[in-house]
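Student: Below is a structure I'd like to ask you about.
The values are calculated or read from the model by the stated rules, or taken from the named source; none is laboratory data. Predicted, not measured: the structure shown is a model, and the values here were computed from it. Reconstructed Cβ throughout: ideal geometry from the backbone, glycine too, with neighbour counts over all protein chains shown. The area values use the complete protein model at the heavy-atom level, side chains included, leaving out ligands, DNA and RNA. Shrake-Rupley method; radii C 1.70, N 1.55, O 1.52, S 1.80 Å.
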Amino acid sequence: MSTFKAPKGTFDLLPPSSATYLAVREAIAAPLQTSGYGYIETPGFEDVSLFSRGVGESTDIVTKEMYTLTTKGGTELALRPEGTASVLRAALEGNLHKAGNLPVKLWYSGSYYRYERPQKGRYRHFSQVGAEAIGAEDPALDAELIILADQAYRSLGLRNFRILLNSLGDKECRPVYREALQTFLRDLDLDEDTRRRIEINPLRVLDDKRDAVQKQLVGAPMLRDYLCDACKAYHEEVRALLQAAGVSFQDDEKLVRGLDYYTRTTFEFVHDGLGSQSAVGGGGRYDGLSEMIGGPSLPSVGWALGVDRTVLALEAEGVELEIPAATSVYAVPLGEEARRVLFGVVTELRKAGVAADFSYGGRGLKSAMKNANRSGARYAIIGGERDLAEGVVQLKDMESGEQEPVALADLVAEVRARLG
Ligand code: ATP
Ligand code: MG
């Protein structure tokens, strides 16, 4: 061990378990890549104000969880705490919305940073795969995203997750509801912080996890009863499309989510095996965000799924992903000349698309074969002086233990044929 440790709230992904993380990212991305979503990558940091405006001044993310820094040049930056604001910023900056093909559909995968109290499923550095569909108001788009996330989780073998669904209304009906809710909340017995929240973002009070608060919320006005006809119709259509696709969900009128920018459709994926960090992913429609960060009106919808919690969910369900061995062929040279020849063979195999590795460091047969075993390779190629003199190497099937000489000239073709 060195003098250093990974910073609090972070952890390293190391082989072999890192392969699971990679597979989870790939499984979440796969349905997006075949549904018209293009890959986007944005910087790990942005101007602080992108997030304070885009995510919302009253959110936990902005008030408590952001890692901010001032550069030597005096610019205020923040490590990205989430993806949506950056992706929209980049799409606008790159004029993707003007290319004439709306919605602009994008997917991303990366690291995010929040200064949180570390606990299982809650880290200061974590990993998300996300998707955004920018510039179209169409219930089919909201449904598409939910269906794709559902498909991703199912393809991983997850079953014990639930989809919670709600509508947050729009700029017509939400303000009316907001006022009704504020009137109700102001009469309750609440602490200073919560009273302040009533004035800035009263919907978030509904999300308060404390029993003492939840008890008082019985009888609070519900947004559902305030939705305007357009929002109601929109929401009904999203629900109908999900039902037609066979994706089950639960209506959750209390689901508000942490970010200020959501409108209409909002949803969360929760997993029942994760204790209090149960949200494996979430998202919704954010029709006002573009204008909030200085862009044109671009109604949009998106989600972000947490990779770390998805891995925990797999563990909770006892699902082991089938991850193919990284190495198919392992070469074991015996002696100097064999080392040169087999190193050449490994290079040829790799060029031919066969995953191959080599016993480095001049090991003896026994220890080299141990490494061949550990590598998970299906075949070992063993070559000594006598073999080379005859123009052959020994090809050993690591499963059956059978071994036979194969002419060096035929080796690549033979291995490829055997591997199928
Ligand atoms: P929570 O309510 O658990 O704090 P959130 O609403 O802050 O979640 P989002 O901003 O919606 O989370 O992020 C989407 C997903 O990213 C979450 O559902 C979760 O899986 C993951 N996530 C968010 N914060 C963390 C974190 N600190 N550590 C690990 N995963 C996280
Ligand atoms: Mg959070």
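Student: From the list Ser276, Ser328, exactly one residue is surrounded by 15 or more Cβ atoms within 10 Å (Cβ to Cβ) and of a type in the set (S, T, N, Q). Which is it? Walk me through it before giving the result.
Tutor: Values: Ser276 fails: surrounded by 15 or more Cβ atoms within 10 Å (Cβ to Cβ).
Selected residue: Ser328, the only one of Ser276, Ser328 that is surrounded by 15 or more Cβ atoms within 10 Å (Cβ to Cβ) and of a type in the set (S, T, N, Q).
Student: Taking the conditions exactly as written (in a loop (DSSP other than H, G, I, E, B), open to solvent by 40 Å² or more (accessible area, probe 1.4 Å), within 16 Å of ligand 2 (Cβ to nearest atom) and in the same structural domain as Phe45 (by TED's automatic domain parsing)), does Arg117 satisfy them or not? Walk me through it before giving the result.
Tutor: Details: in a loop (DSSP other than H, G, I, E, B): yes; open to solvent by 40 Å² or more (accessible area, probe 1.4 Å): yes; within 16 Å of ligand 2 (Cβ to nearest atom): yes; in the same structural domain as Phe45 (by TED's automatic domain parsing): yes.
Here the answer is yes, as Arg117 does meet what is asked.
Student: Of the residues Val301, Val238, Val247, Val270, only one is among the aliphatic types (A, V, I, L, M) and within 16 Å of ligand 2 (Cβ to nearest atom); which?
Tutor: Answer to the selection: Val270.
Student: Looking at (1) of a type outside the set (D, E, K, R); (2) touching a Gly at 6+ places or on another chain (Cβ under 8 Å); (3) surrounded by fewer than 21 Cβ atoms within 10 Å (Cβ to Cβ), can you tell me which one Ala149 breaks?
Tutor: (3)
Student: Moving on. For the stretch 243-273: of the residues being open to solvent by 30 Å² or more (accessible area, probe 1.4 Å) and outside any loop (DSSP other than H, G, I, E, B), which is nearest to ligand 1 (Cβ to nearest atom)?
Tutor: Looking at the filtered set, the residue picked out is Glu268.
Student: While we're on this one: Return the pairs, sorted by first residue and then second, in which the second residue is open to solvent by 90 Å² or more (accessible area, probe 1.4 Å), the first residue lies in the stretch 346-360 and is assigned by TED's automatic domain parsing to the domain that holds Ala413, the beta carbons are less than 7 Å apart, and the residues are 6+ apart or on different chains.
Tutor: Correct list of pairs: Ala352/Arg416; Val354/Arg416; Ala356/Arg350; Phe358/Phe343.
Student: Kindly check whether there is at least one residue in the stretch 196-203 that is at pLDDT below 95, of a type in the set (S, T, N, Q) and more than 27 Å from the chain's Cα centre (by Cα).
Tutor: Looking through the stretch 196-203, at least one residue is at pLDDT below 95, of a type in the set (S, T, N, Q) and more than 27 Å from the chain's Cα centre (by Cα).
Student: Would the stretch 293-308 turn up any residue that is buried (at least 18 other Cβ atoms within 10 Å of the Cβ), at pLDDT 95 or above and polar (S, T, N, Q)?
Tutor: Going through the stretch 293-308, the residues buried (at least 18 other Cβ atoms within 10 Å of the Cβ) turn out to be 298-308.
From what's left, at pLDDT 95 or above: 298-308.
Those left that are additionally polar (S, T, N, Q): 300.
Checking the stretch 293-308: at least one residue is buried (at least 18 other Cβ atoms within 10 Å of the Cβ), at pLDDT 95 or above and polar (S, T, N, Q).
Student: Another question about this same structure. Can you give me the number of residues within the stretch 45-85 that are of a type outside the set (A, V, I, L, M, F, W, C), more than 16 Å from ligand 1 (Cβ to nearest atom) and over 21 Å from Tyr286 (Cβ atoms)?
Tutor: Of the residues in that region, 8 qualify.
Student: So in the stretch 52-84, with the set limited to residues that are in contact with a strand residue (DSSP E or B) (Cβ under 8 Å, 6 or more places away or on another chain) and not in a loop (DSSP other than H, G, I, E, B), which one is surrounded by the most Cβ atoms within 10 Å (Cβ to Cβ)?
Tutor: Looking at residues that are in contact with a strand residue (DSSP E or B) (Cβ under 8 Å, 6 or more places away or on another chain) and not in a loop (DSSP other than H, G, I, E, B), I get Thr84.
Student: Continuing with the same structure: Of the conditions (1) more than 26 Å from Ser297 (Cα to Cα); (2) within 16 Å of ligand 1 (Cβ to nearest atom); (3) in a loop (DSSP other than H, G, I, E, B), Pro15 fails just one. Which one is it?
Tutor: In the conditions (1) more than 26 Å from Ser297 (Cα to Cα); (2) within 16 Å of ligand 1 (Cβ to nearest atom); (3) in a loop (DSSP other than H, G, I, E, B), Pro15 misses (2) alone.
Student: Also, I was wondering about something else. Looking at the stretch 291-317 only, could you name the residues that are hydroxyl-bearing (Ser, Thr, Tyr) and near ligand 1 (Cβ under 10 Å from one of its atoms)? Don't jump to the end; show me each part of the working.
Tutor: If we filter the stretch 291-317 for residues that are hydroxyl-bearing (Ser, Thr, Tyr), which is where we start, we get 297, 300, 310.
Within the stretch 291-317, Thr310 is the sole residue that qualifies.
Student: For the stretch 86-95, state whether one or more residues are open to solvent by less than 70 Å² (accessible area, probe 1.4 Å), in contact (Cβ under 8 Å) with a residue 40 or more places away in the chain, within 16 Å of ligand 2 (Cβ to nearest atom) and polar (S, T, N, Q).
Tutor: Taking every residue of the stretch 86-95 in turn, none turns out to be open to solvent by less than 70 Å² (accessible area, probe 1.4 Å), in contact (Cβ under 8 Å) with a residue 40 or more places away in the chain, within 16 Å of ligand 2 (Cβ to nearest atom) and polar (S, T, N, Q).
Student: While we're looking at this one, here's another question. So which of Ala233, Ala326, Ala331, Ala240 ends up being assigned to a strand (DSSP E or B) and away from ligand 1 (no atom under 16 Å from the Cβ)?
Tutor: Result of the check over Ala233, Ala326, Ala331, Ala240: Ala331.
Student: Being in the same structural domain as Gly36 (by TED's automatic domain parsing) and under 19 Å from the mean Cα position of the chain (by Cα) narrows it down to one residue among Arg264, Arg285; which is it?
Tutor: Working: Arg264 fails: under 19 Å from the mean Cα position of the chain (by Cα).
Every option except Arg285 fails the conditions.
Student: If the requirement is being more than 16 Å from ligand 1 (Cβ to nearest atom), on the phi < 0 side of the Ramachandran plot and basic (Lys, Arg), which of these qualifies: Arg159, Arg197? Give the derivation first.
Tutor: Working: Arg197 fails: more than 16 Å from ligand 1 (Cβ to nearest atom).
After applying the criteria, what remains is Arg159.
Student: Could you give every pair whose Cβ atoms fall below 6 Å, whose first residue belongs to the stretch 121-138 and is on the phi > 0 side of the Ramachandran plot and near ligand 1 (Cβ under 8 Å from one of its atoms), and whose second residue is in a strand (DSSP E or B) and hydrophobic (A, V, I, L, M, F, W, C), counting only separations of at least 6 or pairs across chains?
Tutor: Between residues of the stretch 121-138 that are on the phi > 0 side of the Ramachandran plot and near ligand 1 (Cβ under 8 Å from one of its atoms) and residues that are in a strand (DSSP E or B) and hydrophobic (A, V, I, L, M, F, W, C), there is no close pair.
Student: Scanning for something closer than 21 Å to Ser300 by Cβ, in a helix (DSSP H, G or I) and acidic (Asp, Glu), does the stretch 145-167 turn up at least one residue?
Tutor: Among the residues of the stretch 145-167, at least one is closer than 21 Å to Ser300 by Cβ, in a helix (DSSP H, G or I) and acidic (Asp, Glu), which makes the answer yes.
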